[in-house]
1. In region 130-141, what residues are touching a residue at least 12 places away in the same chain (Cβ under 8 Å) and surrounded by fewer than 17 Cβ atoms within 10 Å (Cβ to Cβ)?
2. Condition first: out of contact with any Asp or Glu (no Cβ under 8 Å at 6 or more places or on another chain), at pLDDT below 90, surrounded by fewer than 24 Cβ atoms within 10 Å (Cβ to Cβ) and not hydrophobic (A, V, I, L, M, F, W, C). Can you find one or more residues in region 68-76 that meet it?
3. Among the residues that make up region 76-83, is at least one of them under 14 Å from the mean Cα position of the chain (by Cα) and of a type in the set (D, E, K, R)?
4. The conditions are (1) surrounded by fewer than 18 Cβ atoms within 10 Å (Cβ to Cβ); (2) over 19 Å from Thr67 (Cα atoms); (3) in contact (Cβ under 8 Å) with a residue 60 or more places away in the chain, and Ser191 fails exactly one of them. Which is it?
5. Identify, please: which residue in region 41-67 is among the small types (Gly, Ala, Ser) and in contact (Cβ under 8 Å) with a residue 40 or more places away in the chain and is, among those, surrounded by the most Cβ atoms within 10 Å (Cβ to Cβ)?
6. Here's a check for you: in region 87-117, which residue that is modelled with pLDDT of 95 or more and touching a Pro at 6+ places or on another chain (Cβ under 6 Å) is surrounded by the fewest Cβ atoms within 10 Å (Cβ to Cβ)?
7. Would you check if Ser146 is touching a Pro at 6+ places or on another chain (Cβ under 6 Å) and among the hydroxyl-bearing types (Ser, Thr, Tyr)?
8. Pick from region 73-132 the residues that are part of a strand (DSSP E or B) and out of contact with any Ser or Thr (no Cβ under 8 Å at 6 or more places or on another chain): which of them is farthest from Leu145 (Cα to Cα)?
Amino acid sequence: MDQNQTAIEKDQVKHGQAVIGQIADAENFTYTDTKIQKPDLGQLRTNRIVSALTHNNWLESYKMLRTRTLHIMDEKGWNTLAVTSPTRDSGNSLTAVNLAISMAMELDRTVLLVDGNFQNPSVHTLLGLKAAAGLGDYLLNSTPLSELMINPGIPRLVVLPAGKPLINSTEMLRSPRMINFVNEVKTRYPSRIIIFDMPPLLTQVDTLSFSPYVDCVLLVAEEGNTKTEDLKNAASLLQDVNLVGTVYNKSSDKKIKYTG
């Protein structure tokens, strides 16, 4: 074993011990350490975060998506999911947020929603959160996770924003510290689902580069806008990845469509 590999492994063990304590603090159900930001229902409605609202046409669609996705993940023993799309503006961030909220409504689950789109983060914006720092600060500056995670006023849901945009996003997603973070959040709490909102597959290499570290991927396309060729190319890139299904966002019948 070379010295560089030994140094990396030592770094992973060192940071792994730190991660365990930080996540335990951040996910305490009393949220004594995690910041709590109350949601603005009007803003959630404007941003189409329908899983946090009642009496709307889309709510049952997200519940169906939740049920079918959890069925597959539970059957396989998976708890980490990356949400992506072929190209930009297909609604994968919107789907990731709504799915995370819907899963958190399950009384026997907790959900950690991680914004892994370092170049174009949007999870905090969709939820109306004030987040000047995030995952990038943990990776670059060792900022404690308990200072970065936010409870958006929704029980059993914790959000880890991306933080400031990063140019070297691919390298950060494959860094030993990031890999160790993923491994720790996967194993710390058996009932927790971790959802990573990721960049589009065909415009950035980040998602494909990061995909080996998650259990499965959900692909989001926009009906009537995502080109068939782009969808085929995205599916081809994911041929060696566990694809739990494809979501057709903004469908004409005012419901999201899901294909397993």
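The values are calculated or read from the model by the stated rules, or taken from the named source; none is laboratory data. Keep in mind that what you see is a predicted model, and the values were worked out from it rather than measured. Note: ideal-geometry Cβ built from the backbone for every residue, glycine included; neighbour counts use all protein chains shown.
1. As a first pass, look at region 130-141 and keep what is touching a residue at least 12 places away in the same chain (Cβ under 8 Å): 130-140.
If the condition is that a residue be touching a residue at least 12 places away in the same chain (Cβ under 8 Å) and surrounded by fewer than 17 Cβ atoms within 10 Å (Cβ to Cβ), then Lys130, Ala132, Ala133, Leu140 are the ones that fit.
2. Going residue by residue through region 68-76, those that are out of contact with any Asp or Glu (no Cβ under 8 Å at 6 or more places or on another chain) are 68-69, 71-72, 74-75.
Then keep just the ones that are at pLDDT below 90; that gives none.
Checked against the condition, which is being out of contact with any Asp or Glu (no Cβ under 8 Å at 6 or more places or on another chain), at pLDDT below 90, surrounded by fewer than 24 Cβ atoms within 10 Å (Cβ to Cβ) and not hydrophobic (A, V, I, L, M, F, W, C), region 68-76 yields no hits at all.
3. Among the residues of region 76-83, not one is under 14 Å from the mean Cα position of the chain (by Cα) and of a type in the set (D, E, K, R), which makes the answer no.
4. (2)
5. Within region 41-67, the subset among the small types (Gly, Ala, Ser) is 42, 51-52, 61.
Narrowing further to those that are in contact (Cβ under 8 Å) with a residue 40 or more places away in the chain: 51-52, 61.
Values: Ser51: 24, Ala52: 22, Ser61: 22.
Only one residue tops the list, namely Ser51.
6. Ranking the candidates gives Asn117 first.
7. Numbers: touching a Pro at 6+ places or on another chain (Cβ under 6 Å): no; among the hydroxyl-bearing types (Ser, Thr, Tyr): yes.
Here the answer is no, as Ser146 does not meet what is asked.
8. Initially, region 73-132 is screened for residues part of a strand (DSSP E or B), giving 80-84, 110-115.
With out of contact with any Ser or Thr (no Cβ under 8 Å at 6 or more places or on another chain) added as a condition, the list becomes 80, 111-114.
Values: Thr80: 18, Val111: 15, Leu112: 12, Leu113: 13, Val114: 12 Å.
Checking each candidate, the answer is Thr80.
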